[in-house]
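The values are calculated or read from the model by the stated rules, or taken from the named source; none is laboratory data. These figures come from a predicted structure and were not determined experimentally. We place every Cβ from the backbone using ideal geometry, glycine too, and count neighbours over all the protein chains shown. These accessible areas exclude ligands, DNA and RNA; they are computed on the full protein's heavy atoms, side chains included. Shrake-Rupley method; radii C 1.70, N 1.55, O 1.52, S 1.80 Å.
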Amino acid sequence: MRSAGSSLPDFPWDSLAEVKAVAHAHPGGVVDLSVGTPVDPVPAAIRDALASVSDIPGYPQTHGTPELREAAVGALRRRHGVEGLERDAVLPTIGSKELVAWLPRLLGLGPGDTVVIPELAYPTYEVGALLAGAQVLRADSLLALGPQRPALIWLNSPSNPTGRVLGVEHLRKVVEWARERDVVVVSDECYLALGWEAEPVSVLHPSVHGGDLTGLLAVHSLSKSANLASYRAGFVTGDPALVAELLAVRKHAGMIVPRPVQEAMTVALADDEALAAQRERYARRRAVLQKALQGNGFHIDHSEAGLYLWVTRDEDAWVTVRRLAERGILVAPGTFYGPRGNRHVRVALTATDERVEAAAERLAE
């Protein structure tokens, strides 16, 4: 019997073991900028909310509490101008990664179907297609698709890894093209609140879809915006019919966000001040790293939004990774995200102020 794992690529970060050891051996300790792992405290109000419902022994609702779903609708309206969402069209997920990995399968895709992902993409988009037995096509333009009619198109703006932002016109063209062919469009918007030099727009914004959510889904996460990576807190929303289909399958599969996490999410989605404070922390770290990298001969491409800097010295990505590891700085090679990343590395903003300053000092040496 063939296992599902045999059809998947190796987990990319496992290949960092050797250079990780080099970086950890630095006398000043490692500065780990290879993974977007939050390092800042979980706001007290969120922790209090988590504890407040810790003595509920019964099963939580797969659909989430009405208050959580209402909070998600309100947050998208206030923060991103998304109008017309139904409360019932919000579905909490166990973080965003599990949804990305299982979405093609949950939507019934399989052999013979094609999933389009960006040319430089979060690796789990590919994994999700492979788990469903579907084919993967990397493409950033509709022209590259030719006469093909895929089953699903992934968008990611701001991009992980590049920080690239897709404009309203681009998003609108993709939506219109997909609707003519009955193709589902899913937008990974986990970094939507982190616009620096450009203002990201949700695929659910009326300027994109013209008042019709049919065939559209948006994936959101509270890992970065509220430091809830350990809570596994995310949600998907958009087309009510698609969300209802996902809900029906997830009920059978037991894919349920724990009740205390639902309560924490509800508070986090209502706290715009905490979000603003976290944005400011990332903005400060971004400014320090940007200046240090550019002063050390790196060129920064895209990176107008999101949680990463997409940088190059116009050399093989692994050469850059090793060069930085010798200074105690660990980053991710662009090859983790697709063949086109072979001359870039991804630098995360997720380190403490002290570690970011240490990285800047080492780059200046």
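Of the listed requirements (1) free of Cβ contacts under 8 Å to residues at least 40 places away in the same chain; (2) under 15 Å from the mean Cα position of the chain (by Cα); (3) over 21 Å from residue 240 (Cβ atoms), residue 187 misses just one: (3). Are there any pairs with C-beta distances below 8 angstrom linking a residue in segment 75-101 that is farther than 26 Å from residue 254 by Cβ and open to solvent by 10 Å² or more (accessible area, probe 1.4 Å) to a residue that is at pLDDT below 95 and of a type in the set (Gly, Ala, Ser), with the two at least 6 apart or on different chains, and if so which? Every condition considered, the pairs that remain are 84/211. In segment 32-47, the residues that are more than 12 Å from residue 230 (Cβ to Cβ) and open to solvent by less than 30 Å² (accessible area, probe 1.4 Å) reach residues that are in a loop (DSSP other than H, G, I, E, B) and among the hydrophobic types (A, V, I, L, M, F, W, C) with C-beta atoms within less than 9 angstrom, at least six apart or across chains, in these pairs: 33/331; 33/349; 33/351; 34/331; 36/307; 36/349.
Taken over segment 306-365, the criterion of being out of contact with any Asp or Glu (no Cβ under 9 Å at 6 or more places or on another chain) and at positive phi is satisfied by 306, 314, 328.
Reported count of residues in segment 123-177, each being open to solvent by less than 30 Å² (accessible area, probe 1.4 Å), over 25 Å from residue 200 (Cα atoms) and among the polar types (S, T, N, Q), is 0.
You will find that of 225, 187, 202, the residue that is crowded, with 24+ Cβ neighbours inside 10 Å and under 22 Å from residue 349 (Cα atoms) is 225 and no other. So residue 288 clears everything in (1) assigned to a helix (DSSP H, G or I); (2) touching a residue at least 60 places away in the same chain (Cβ under 8 Å); (3) assigned by the TED database to the domain that holds residue 101 except one condition, right? Which one? Failed condition: (3). Remark: pairs (first residue in segment 13-24, over 11 Å from residue 336 (Cβ atoms) and in contact (Cβ under 8 Å) with a residue 12 or more places away in the chain; second residue outside any helix (DSSP H, G or I) and open to solvent by 70 Å² or more (accessible area, probe 1.4 Å); Cβ separation under 7 Å; 6+ apart in sequence or on different chains) = 22/326. Here is the figure for segment 291-317: residues that are part of a helix (DSSP H, G or I), small (Gly, Ala, Ser) and under 22 Å from residue 352 (Cβ atoms) total 2. Of the strands (runs of 3 or more DSSP E) lying entirely inside segment 164-250, those containing at least 2 residues that are at pLDDT 95 or above, among the β-branched types (Val, Ile, Thr) and in the same structural domain as residue 65 (by the TED database) span 184-188, 233-238.
Determine if segment 70-90 includes at least one residue that is touching a strand residue (DSSP E or B) at 6+ places or on another chain (Cβ under 6 Å), in the same structural domain as residue 249 (by the TED database) and within 16 Å of residue 262 (Cβ to Cβ). Yes. Of all residues in segment 270-305, those that are surrounded by 18 or more Cβ atoms within 10 Å (Cβ to Cβ) and on the phi > 0 side of the Ramachandran plot total 2.
Whether any residue in segment 256-269 is part of a loop (DSSP other than H, G, I, E, B), outside the structural domain of residue 31 (by the TED database) and either open to solvent by 20 Å² or more (accessible area, probe 1.4 Å) or free of Cβ contacts under 8 Å to residues at least 24 places away in the same chain (or both) is what I want to check.
yes
A single entry from 343, 327 fulfils the requirement of being over 18 Å from the mean Cα position of the chain (by Cα), outside the structural domain of residue 232 (by the TED database), in a loop (DSSP other than H, G, I, E, B) and free of Cβ contacts under 8 Å to residues at least 40 places away in the same chain: 343.
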